[in-house]
Amino acid sequence: MAERRPTRSSTVSRPPRPASDRGRSRLGDTTRPIVRERRLAQTRRTLVVLAVVGIAIVGALAAALFFLPLRTYLDQNEQIAERESQLAQISAVVEDLRSEVERLRTTDGIQEAARAELGFVEEGEQRQSVLEPNGVPTDLPEGWPYDLVENIVDLRRNPPATP
């Protein structure tokens, strides 16, 4: 038989286990009672307090890991539905604007826009501005610029008779 060469390893050598420990866990016997001085809670009252604190910690972890994410998930579903309705409204507005742009690309659309926004008048036409009589304020303060405005309003409402 070949001679074994000693191997170098990083493991710590352990003493051999006695025959009475064979088959047992290395963690020790958990059924053996613990001496009272070595116990974490030496009285029943301390044990109850530790149990309540442990249950509170487990409850907080359960809430943080399960209930809060579920609530957030449900809130996100509501937000998604709200955003989808906003998107539908914006899409309708965009579609209206696209049809307006297509209409303004025609010659008639350009002329109509020029008339409405710039006051464009074609050759041979006259522009007349008609104001609603209710839209003009009549209770102006006394004084220099307002007296002139009142005179203009009076002239427009009651034009002079033509001879």
Does the stretch 24-46 hold any residues that are assigned to a helix (DSSP H, G or I) and either modelled with pLDDT of 75 or more or surrounded by 10 or more Cβ atoms within 10 Å (Cβ to Cβ) (or both), and which are they? Glu37, Arg38, Arg44, Arg45, Thr46
Residue among Glu122, Glu112, Glu117, Glu142 that is exposed (fewer than 10 other Cβ atoms within 10 Å of the Cβ) and over 30 Å from Val153 (Cβ atoms): Glu122
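The values are calculated or read from the model by the stated rules, or taken from the named source; none is laboratory data. Just so it is clear, the structure is predicted and the values come from calculations on it, not from any experiment. Here Cβ is always computed from backbone atoms with ideal geometry, including for glycine, and neighbour counts include all displayed protein chains.
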